[in-house]
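**Student:** Please read through the structure below; I'll follow up with questions.
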Amino acid sequence: MSTKNAYMDTIGRKLAALAAGFLLTAGLAASTAALAGDKSKYEVDGRKSGYLYSNPETQAIEDDDFANGGMLWVEKGAELWKKVDGKAGKSCASCHGDAEKSMKGVYTVYPKYVKKLGKLENLEQRINRCRTEKMKAKPWKWDKDNLLAMATYIGYLSRGMPMNVKIDGPAAPFFEKGKEFFFKRRGQLDMSCKHCHIDNAGKHIRADLLSEGRGGGAFPAYRLKWQKVGSLHRRFKGCNKNIRAQPYKQGADEYVNLELFVKWRSRGLPVEVPAVRR
Amino acid sequence: MGKARVKVPKTAKAGDIITIKTLIKHKMESGNRKDKKTGKKIPRHIIDKFTAKYNGEVFFSSDWEGGVSANPYCAFTCRVDKSGDFEFTWHDEKGEVTTAKASITVS
């Protein structure tokens, strides 16, 4: 191939890439127009979901189940539900039957107090406890595809239902701890969750619009930055790193307590799993 | 390569312009990221070609580069004159090929 031809070939490839990019955008625009529906459900008593702080383009992806990458994890979760694993020779379906009936609304009440453990337990931990105790299987690792898929699938089955965690009774002291975490300054930047998500919600931090920190009904969410689905605890870690604090591990008691507080802040908001966020 | 999802309307009238949506699970590793632990570059691994055929004839194809995001979504339009079958093919840099099929009834 001569030099000129090689040059032309490069140009051709670049043009093709441009054309593909244009088509990807054009496709998004089309779905925005078709699905620009009622957005009032994302605001309850003045509490706004992170959905309302997203770009219209991001909202359009969440509105269209086909374009929403998170649905890939939902499909995988549905497969895993029926898959037998562990020494007990059971699958989720062996005990819980049809997930669409048995798991409806389950997402909205987690994390909840478990007497046996003497502390809070969130959905991911509940799934793993089922695996170790009932199925005699290995627990799944945090933020790996299997656990994400199952949590996303169970969340998806409660879609549209209002978040409704319990904060009274035995959960009360853990709720207080979560609240304390939310308002406590930490890290080199000496900031608390409140400084961004209450005091400055709706303002820009560089190019990003700060949300109210009511992600209770959204996670596991498909985050464009991650290019995959991720847990709420992964998001907490990211926030903690941003303020230059030492993050806790996913599933740490501190984060589970905080999760209860954040989900209480999202009370009444619809479950959006898998939500799409930037 | 992961599972492909395709959305094509089941029926259409002759001469209609239909929208086709496709999505495939793929990490689309750009080749610019570094492994945080070892500091070495993660080799590029992307889908570099996508083609769509209608009754055996290519009507849409595109070459993809490193800037395309993971789990690429691609939507495009097509005018349909007669009933037929669509075939969509994703070619990955490592030679892996995934195909998806759909058909449409045109009245």
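The values are calculated or read from the model by the stated rules, or taken from the named source; none is laboratory data. Since the model is a prediction, treat every value here as computed from it, not as a measurement. In this analysis, Cβ positions are derived from the backbone assuming ideal geometry, glycine residues included, and neighbour counts consider all displayed protein chains. Just so you know, the surface numbers come from the protein's heavy atoms only, side chains and all, with ligands and any DNA or RNA stripped out. Shrake-Rupley method; radii C 1.70, N 1.55, O 1.52, S 1.80 Å.
**Student:** Within segment B:1-58, restricting attention to residues that are within 14 Å of chain A (Cβ to nearest Cβ), of a type in the set (Gly, Ala, Ser) and in a loop (DSSP other than H, G, I, E, B), which residue is surrounded by the fewest Cβ atoms within 10 Å (Cβ to Cβ)?
**Tutor:** Taking the candidates together, the pick is B:GLY2.
**Student:** Go through the residues of segment A:81-103 one by one and say whether even a single one is of a type in the set (Ser, Thr, Tyr), away from every other protein chain (no Cβ under 14 Å) and closer than 26 Å to A:GLU254 by Cβ.
**Tutor:** Checked against the condition, which is being of a type in the set (Ser, Thr, Tyr), away from every other protein chain (no Cβ under 14 Å) and closer than 26 Å to A:GLU254 by Cβ, segment A:81-103 yields no hits at all.
**Student:** Looking only at residues that are in contact (Cβ under 8 Å) with a residue 24 or more places away in the chain, closer than 20 Å to A:TRP226 by Cα and among the charged types (D, E, K, R) in segment A:41-69, which one is surrounded by the fewest Cβ atoms within 10 Å (Cβ to Cβ)?
**Tutor:** A:GLU57
**Student:** Which helices (runs of 4 or more DSSP H) sit wholly inside segment A:137-197 and have at least 3 residues that are over 17 Å from the mean Cα position of the chain (by Cα)?
**Tutor:** Those helices (runs of 4 or more DSSP H) span A:172-183, A:193-197.
**Student:** Considering only residues that are more than 19 Å from A:PHE66 (Cα to Cα), in a strand (DSSP E or B) and open to solvent by 70 Å² or more (accessible area, probe 1.4 Å), which ones fall in segment B:60-107?
**Tutor:** Passing the criteria: B:ARG79, B:ASP85, B:VAL97, B:THR105.
**Student:** Here's something else I'd like to know. Name the residues in segment A:53-73 that are assigned to a loop (DSSP other than H, G, I, E, B) and touching a helix residue (DSSP H, G or I) at 6+ places or on another chain (Cβ under 7 Å), would you?
**Tutor:** A:ASP64, A:ASP65, A:ALA67, A:ASN68, A:GLY70
To keep it simple, each residue is scored yes or no on (1) modelled with pLDDT of 90 or more; (2) more than 22 Å from the chain's Cα centre (by Cα); (3) of a type in the set (Val, Ile, Thr).
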| residue | (1), (2), (3) |
| --- | --- |
| A:SER31 | no, yes, no |
| A:VAL44 | yes, no, yes |
| A:SER49 | yes, no, no |
| A:LEU52 | yes, no, no |
| A:GLN59 | yes, no, no |
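**Student:** Also, quick follow-up: Go over the candidates A:LYS87, A:LYS76 one by one and state the one that is among the charged types (D, E, K, R) and in a loop (DSSP other than H, G, I, E, B).
**Tutor:** That would be A:LYS87, the only listed residue that is among the charged types (D, E, K, R) and in a loop (DSSP other than H, G, I, E, B).
**Student:** Looking only at segment A:224-245, count every residue that is open to solvent by less than 30 Å² (accessible area, probe 1.4 Å) and either closer than 18 Å to A:VAL273 by Cβ or among the aromatic types (Phe, Trp, Tyr) (or both) and tell me the total.
**Tutor:** Adding up the residues that qualify gives 6.
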